[in-house]
1. I need a count of the residues in the stretch 350-402 that are crowded, with 24+ Cβ neighbours inside 10 Å, in contact with a Gly (Cβ under 8 Å, 6 or more places away or on another chain) and of a type in the set (S, T, N, Q).
2. Among the residues of the stretch 224-261, which ones are of a type in the set (Ser, Thr, Tyr) and in contact (Cβ under 8 Å) with a residue 12 or more places away in the chain?
3. With the structure loaded, tell me whether Asn296 is under 18 Å from Asp140 (Cβ atoms), outside any strand (DSSP E or B) and touching a strand residue (DSSP E or B) at 6+ places or on another chain (Cβ under 7 Å) or whether it fails that test.
4. Is the stretch 101-117 home to any residue that is part of a helix (DSSP H, G or I) and free of Cβ contacts under 8 Å to residues at least 40 places away in the same chain?
5. Filter the stretch 62-114 for residues that are more than 26 Å from Ala144 (Cα to Cα) and of a type in the set (Gly, Ala, Ser); which is modelled with the lowest pLDDT?
6. Taking only the stretch 145-175 into account, find how many residues are under 18 Å from Glu271 (Cα atoms) and among the charged types (D, E, K, R).
7. Among the residues of the stretch 120-171, count how many are more than 20 Å from Leu378 (Cβ to Cβ) and part of a helix (DSSP H, G or I).
8. Residue by residue through the stretch 153-169, note down the ones that are within 16 Å of the ligand (Cβ to nearest atom) and under 21 Å from Thr122 (Cα atoms).
Amino acid sequence: MARPWLHLNNSRSMAMACAKESNLHRVLLPEKVRNSRVLILGGTGRVGGSTAIALSKLCPDLRIVVGGRNKEKGAARVAELGKNSEFTEVDIEERASLEATLRDVDLVVHSAGPFQQAEKCTVLEAAIQTKTAYMDVCDDTSYAFRAKSYMSKALAANIPAITTGGIYPGVSNGAIMAAELVRAARSESKGEPERLSYPHVELVLRFSYYTAGTGGAGPTILATSFLLLGEEVVAYSKGEKITVKPYSGMRNIDFGKGIGKKDVYLLNLPEVRSAHEILGVPTVSARFGTAPFYWNWGMVAMTNLLPVEFLRDRSKVQKLVELFDPVVRAVDEIAGERVSMRVDLECSDGRQTLALFSHRRLSVSVGAAAAAFAIAILEGSTQAGVWFPEEPEGIAIEAREALLKRAAEGTISFIMNKPPWMVETDPKELGLGIYL
Ligand SMILES: NC(=O)c1ccc[n+]([C@@H]2O[C@H](COP(=O)([O-])OP(=O)(O)OC[C@H]3O[C@@H](n4cnc5c(N)ncnc54)[C@H](OP(=O)(O)O)[C@@H]3O)[C@@H](O)[C@H]2O)c1
């Protein structure tokens, strides 16, 4: 049996003491959860592995259980993590063994993607069944909203669950960037409440993401990218839902120091819908771009040349990934793995603010961000139910700053709630193109 979930809001104040180790600030968790068992599904992969490493450095007393199907990869990961870690063989498609594994843990971090075209939320269902706290690093709109539909079951089981944690989405929409920009804009204009559906000040929110190559991520990220090319892009313009072609609507965005200006293209990302519905922002879109520039051209070509049915078929896409993977890895060696997220908020009263987060290594920062969400759940910042990071019940507003500090370890740029000229290398661009 999993231990009953402990809500520790009252002990949050005693939660943090910092000591420098391995460039990460240690977190002193409340005593009741200090030795929790945290299962990381996909812990043999890049995102899960990076999360396990960050968690074990930040909170060395946690017991980390690496979950996956491959014993050799599991043994290698555990050797890297050292004491307080173990491997467990588990396939997330096998419900009985998944539940048996969850019965013995306090928190499960689901990073065994891809989430695109997955038909069920098997891990969340098993977490509810076994009363285990849950978070995922899902980056798919359908999956994220399907996870949300388990709200009443999670409430009945009294477990906290976060969907779309991680760096993007996660930090980009919830803890740091969009939610805090919107909150600051509203409180500075008319003291608007957190979630007003139709604020009298019109807001435009644009997410722009850049990752060099695959960002040092595993093969799953390639599958994720190709599957996203098979999804129509949902965006919102003045409250209206619109759909557009994937990898269209290119914009050249300035990501500032260490990254520069990059082309980004529309993609169907879950933070667009959640920011629209939860933060009540009428105009929202999200774009993504990669390097070298010819990968972007390749993505445009795939969108134009491959039939949608092909791009929506996980097994066909998997074969395509196997074909492309060696070339992509070779180019990754040259491209590096810099990552940058820029969120722009424009208000109809003329106010413009942005948030920017850039890191030299996506594979490190994604782990730090996912670990920061896991720690927030352990600290009791998440209420029972299934939440997006931008919901105050998901990450309590007063817990956002601590989450942000942990997630932003080692960034080359981290700017929050500043006017765009602080980032732009070409000030003439200010004020242009406030719509999609
Ligand atoms: N939210 C964010 O910030 C963010 C950022 C980047 C990526 N992502 C998402 O994170 C996911 C993982 O990406 P990655 O780069 O880490 O991929 P990866 O290196 O290929 O790792 C995937 C992991 O999932 C495990 N796995 C796959 N199917 C499984 C199954 N049926 N049962 C158990 N384990 C299974 C694999 O383990 P075995 O094959 O060894 O069993 C592997 O460890 C992707 O979906 C990606 O889109 C999220």
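The values are calculated or read from the model by the stated rules, or taken from the named source; none is laboratory data. None of the values given here were measured: they were computed from a predicted structure. So basically every Cβ, Gly included, is an ideal-geometry build from the backbone, and we count neighbours across all protein chains shown.
1. Of the residues in the stretch 350-402, 2 are crowded, with 24+ Cβ neighbours inside 10 Å, in contact with a Gly (Cβ under 8 Å, 6 or more places away or on another chain) and of a type in the set (S, T, N, Q).
2. Scanning the stretch 224-261 gives Thr224, Ser225, Tyr236, Ser237, Tyr247, Ser248.
3. no
4. There is no residue in the stretch 101-117 that is part of a helix (DSSP H, G or I) and free of Cβ contacts under 8 Å to residues at least 40 places away in the same chain.
5. Gly82
6. Adding up the residues that qualify gives 2.
7. Number satisfying all stated conditions: 16.
8. Correct list: Ala161, Ile162, Thr163, Thr164, Gly165, Gly166, Pro169.
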